[in-house]
Amino acid sequence: MKEFKELRNSLERGGSMPSRSIAFISHPEPGQHIQPFPRPHLESFENPLRAQMAELHLRNRGLLDEMSVFEAVEADSSDVLSVHSEYVLDTAMLMTDLGSGQLGEAAYASPELLRSALLSTGGAKLAANLVTEPDYIHSFSLMRPPGHHATSSASMGLCYFNNIAIAARSIQTEVGIKRISIVDIDDHFGNGTAEIFYSDPSVQYISIHEYDYESLGLGHYYEVGQGKAKGTNINIPLVEMSQDESYNSAFERVVLPAIKSFKPEVIGVSAGFDAHYSDPVGNMNIDSKTFWWIGREVNSLVQDLKLQGSFWVLEGGYNPFSLGPCIEASLRGLAGEETPELEDQCERVINQELIDANNEIIDAVLETVEVYW
Ligand SMILES: [Zn+2]
């Protein structure tokens, strides 16, 4: 972050942009909750090791010294109830007391579930609140379990409480932020976040995700929002094994103009890194350079549109060896630094057929959503 520091120093000496830093949120216990399965069961990849190893990587690379580091605090039940039904909270409380049980599809309880989930939500809430303050321009919450699959009425897909949705609601009600764009870069469609804001014109939800065109499910581009919120739900469903080029096109052709048209005050990023080629759960094919590029583009949006900032909330990313480098790349992009050379970056064969297929999909997405801009 040396260059960012230098940029800040030069701005302090009379530059035109404000001098604001990046906030980083974690906790000494990164959520002790563990899914009750042995490896290599799919659910077992979402475990405390992910956050521990990612934080260790960031520390070893000197990033923690360059950011303002905060400790997450538990959210409370009113935060959870701001987007979820009482059933979601009651079930999590009851099954935590029991120490086991199934809350929903791929969402299991442990004796540590409630505390871990409330800490994760609290981390997201703190991340969102910090960027509404003058000292911070971007923030990143490295907390787990993730949240974007949790709907208003159900925990599912390794997610219990929808951290980013609760965080967005909290800066609307507590700080008075009116318009928020949420960009979801996780490999998977954030069905929960989409559902929570589907009829809400004050929150724009944009998701780039892997989509199975053989068996159509939620996340298709024809889902655009409801009532006054029509046009504020934007799905970019890319084909399996999509590469960096398609993520760049999706961002340049859809995400950037959509956010410019919506004019939010704050951007939230559902920061999933399971689209990385090495991920054991996702099936995409991108590397840390793309996460750097996304960080850089989000920072440019914040600067150019004079937004209050962006807050990033960890979602997926299940290879504990590549999660840290991917987060490092994003943070360096946010800080305005050049692409870091990281060990996951290697030449990979470019599949033009997949790029062409995705270009057609992006054309169709644009045709569907551009009418609302
Ligand atoms: Zn995911």
*Sort the following peptides by mean Cβ neighbour count (other Cβ atoms within 10 Å, averaged over residues), highest first: 287-300, 153-166, 40-53, 339-352.*
153-166, 287-300, 40-53, 339-352
*Is it possible to state the helix-based mean residue ellipticity at 222 nm for the chain, with each DSSP H run of 4+ residues giving -39500 (n - 2.57), the sum divided by total residues, to the nearest 500 deg cm²/dmol? What is it?*
-11000 deg cm²/dmol
*For a footprinting-style exposure proxy, rank 24, 251 by other Cβ within 10 Å, fewest first.*
251, 24
*For residue 136, list long-range residues whose amide hydrogen, built 1.01 Å from N in the peptide plane, is under 5 Å from its own amide hydrogen.*
21
*Among all lysine pairs in the chain that are eight or more places apart or on different chains, how many have alpha carbons less than 17 angstrom apart?*
10
*Got a sec? Charge dipole of segment 211-369, +1 on Cβ for Lys and Arg, -1 for Asp and Glu; which of 258, 221, 243 is way out at the positive end?*
258
*Rank the residues 199, 278, 139, 330 as a footprinting-exposure proxy: fewest other Cβ atoms within 10 Å of their Cβ go first.*
199, 278, 330, 139
*Residue of 174, 133, 252 that the Gaussian network model of the chain assigns the largest fluctuation, springs spanning Cα pairs under 10 Å*: 174
*In the chain, with Lys and Arg counted as +1 and Asp and Glu as -1 at Cβ, which of these residues, 63, 88, 327, has the Cα nearest the positive end of the dipole, that is, farthest along it?*
63
*Remind me, relative contact order of segment 115-262 in percent, using alpha carbon pairs under 8 angstrom and six or more residues apart?*
17
*Which loop-located GluC sites (Glu not before Pro) does segment 82-125 contain, where loop means any DSSP state but H, G, I, E or B and the Cβ has at most 16 other Cβ atoms within 10 Å?*
105
*When Lys and Arg each count +1 and Asp and Glu each count -1, what net charge do the other residues less than 13 Å away from residue 139, Cβ to Cβ, add up to?*
0
_Three principal axis lengths of segment 155-305 [C-alpha, angstrom, descending]_ = 40, 34, 27
*Can you tell me the relative contact order of segment 16-112? Whole percent, Cα pairs under 8 Å, sequence separation 6 or more.*
31
*Under a GNM of the chain (C-alpha, springs under 10 Å), which listed residue has the highest mean-square fluctuation: 216, 301, 130?*
216
*In the chain, what percentage of the DSSP-assigned beta bridges are antiparallel, given to the nearest 5?*
10
*About the Cα centre of segment 202-249, how large is the charge dipole given +1 on each Lys and Arg Cβ and -1 on each Asp and Glu Cβ? Please answer in debye to the nearest 20.*
480
*Peptides 242-249, 218-225: what's the order by average Cβ count within 10 Å, highest mean first?*
242-249, 218-225
*Simple spin-label model, 7 Å along Cα-to-Cβ: residue 305 to residue 65 in nm?*
3.5
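FYI, it's all coordinate maths here, none of it is from the lab. Quantities reported herein were computed from a predicted structural model and do not represent experimental measurements. Ideal geometry is used to build each Cβ from the backbone, glycine not excepted, and the neighbour counts take in all protein chains shown.
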